[in-house]
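The structure appears right after this line, and notes come after that.
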């Protein structure tokens, strides 16, 4: 649950920083952070892939192909389940609460808390990070998300004041719950069905690393990516790895 704690702390620190700032972050600083976060997402995503692959060259290629196949099939499963549509609906609902609000105007603090909770909990990077943290203790994806949320919170607290930062606690409960479930139940199950130590867990991590790299496309605003639709690939990766063992 290290990553969940870091994410929650990042939100709280972002709130304190936002309240202390007299002026919003300048455009140049925002661009710098966006570039740094996008690059960090790619680096930590590829590092997760690197740590998860092993064996001979043919074995590495096989593991990579299985992960990519799981992502592609998972994407179509996500489309059938309309995961991205649900994610977009939650985002629009949060956006409706945030868009009309302006600094130095009167509005309900509870709206800011609810909107920030939805935005921070529904982010696909958070789900990816919670799964990898729970399965193998790889909390770096959630570290990147913690910085993203902290920067966003510096703006939200200007509008909704300090109650918006309390969204850190639902984030801690949700992402911590996912990580704890993966650690207590999913990891032992995958280990019990692996041909060798952590084989199936590595297939999940490989898929998660590739999906994390796709997050950078959204951060850099290169193109729109239906990230939520890729999430079923995490469940399909160990299944395909077991079938093609």
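The values are calculated or read from the model by the stated rules, or taken from the named source; none is laboratory data. Here the structure is a predicted model, which means the values were calculated and not measured. Glycine also receives a Cβ, built like all others from the backbone with ideal geometry; neighbour counts cover every protein chain displayed.
Points to keep in mind about this one:
- Only one of the numbered conditions (1) modelled with pLDDT under 95; (2) under 18 Å from the mean Cα position of the chain (by Cα) is violated by residue 173, and that is (1).
- In segment 53-71, the residues that are touching a helix residue (DSSP H, G or I) at 6+ places or on another chain (Cβ under 8 Å) and part of a helix (DSSP H, G or I): 63, 64, 66, 67, 68, 69, 70, 71
- Sole residue being at pLDDT below 95, within 26 Å of residue 118 (Cα to Cα), buried (at least 22 other Cβ atoms within 10 Å of the Cβ) and in contact with a helix residue (DSSP H, G or I) (Cβ under 6 Å, 6 or more places away or on another chain), chosen from 203, 167: 167
- From 39, 16, 48, residue being in a helix (DSSP H, G or I), over 21 Å from the mean Cα position of the chain (by Cα) and modelled with pLDDT of 90 or more: 16
- Summed over segment 24-50, residues that are surrounded by 12 or more Cβ atoms within 10 Å (Cβ to Cβ) and over 21 Å from residue 230 (Cα atoms) total 8.
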